[in-house]
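The structure under discussion appears below in the form of structure tokens.
Laboratory data are not the source of any read-out in this text; all were calculated from the coordinates shown. Note that this is a predicted model, so its numbers are computed, not measured. Methodologically, a virtual Cβ is constructed for each residue, glycine included, from the backbone with ideal geometry; neighbour enumeration extends over all protein chains shown.
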């Protein structure tokens, strides 16, 4: 007797799916096939046995490599173009395929989900939330119940898509950490972040009250990295020792002390791994801040010196490539959004007779402010690139 079970998000947690397959086999249901496209698992009744399953994602591979099949330990249950499933009655086999394929795949899906959430927030949720708050004040006086219901119904599908995207992002973020440990790709930031200089909340309050610890907040500093580097070096020359930064990265905490020479570098990477942090640490750089994501990662490094200042990038071409990559990433994110907001403003002008003067003015003002803000950020990154290019040409 066969049994089919639908699991739409099974690949988001491969380890949990394998445990579920083993539990099903222990109940008397052995896996016969997985319809990977439709997310359906087909089982047949069998004698209950403790069994070990391993699902492998290996791009462009049709079936398991012979190394796992030649000694007879594993049986290949099924396979497709990118997946294959192994099974053995050894509950703890000596050799098992790695989760590296799943980890790379899920990181990419998580990155796309995170980018879509950010784009949705910037393009839709943020301005619409402001508009909703403003107009909800006048809901009972100027909006009919029919209009309110129409708005709610039209928002259902976008809301459902948003919820699924949030679920995907959070689920993959959790399971990817587990896969990183299983693959040995663990990043111990205690080796790089200045854990020895971090202090408790009570100690921070005491030092700030005594004037020994000062806090400086800089908003949107990441869009002009060279300027914040110069500022940090000037603070060091004035006797302010960078101690740590806040988790979001907007606040800098300094301890008062003797003036010293230090070189700082704000580094942007599309993707980081443990070797990136460890190599820079071995080169004498100290990590003061790194963004939570290892995709589109921004880090602040510093190093004290006495003679010649150390260089994070040894040649001018590397500096220019880094600055170009940084400017392109942010400008390509912000400028299309600005163009979309401009199109909405123009459409509001044409729809003015239907939406009313007050609504048109409020919406256009909100979108205009967002255009100015995002355009300012994008422009700062482009100017940063030209400054780096000009400095490199003078060297």
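Just a few scattered comments:
- Computed FRET value (nearest 0.05) for residue 347 with residue 292, which takes r as the C-beta separation and R₀ as 45 Å: 0.75
- Percent RCO, i.e. relative contact order, over the stretch 189-312, from Cα pairs under 8 Å lying at least 6 residues apart: 25
- Simple spin-label estimate for residue 218 and residue 339 gives 3.2 nm between the two label positions (7 Å along the Cα-to-Cβ direction from each Cα).
- Estimated at 0.36 nm per residue, the fully extended path between residue 313 and residue 42 surpasses their Cα-Cα distance by 92.1 nm.
- The Cα center of the stretch 318-395 and the Cα center of the stretch 49-96 differ in position by 50 Å.
- Spacing of the modelled spin labels on residue 305 and residue 329, each 7 Å from Cα toward Cβ, amounts to 2.4 nm.
- As a calculated quantity, the FRET efficiency between residue 283 and residue 89 at R0 = 56 Å, using C-beta atoms, amounts to about 0.65.
- Straightening the chain between residue 227 and residue 160 buys 19.9 nm, computed as 0.36 nm per residue apart minus the Cα-Cα spacing.
- Taking other C-beta atoms within 10 Å as the exposure proxy, 60, 317 rank 60, 317 from fewest upward.
- Likely footprinting exposure, 231, 10, 301, fewest C-beta neighbours within 10 Å first: 231, 10, 301
- Taking a point 7 Å from the Cα of residue 61 along the Cα-to-Cβ direction, the residues of the stretch 67-93 with backbone N closer than 18 Å to it are 67-88, 93.
- Pairwise FRET efficiency - residue 389 versus residue 208, Cβ, R0 = 30 Å, nearest 0.05: 0.15
- Difference of contour (0.36 nm per residue) and Cα-Cα distance, residue 26 to residue 4: 6.2 nm
- Counted by neighbouring Cβ atoms within 10 Å, the residues 244, 35 run from fewest to most as 35, 244.
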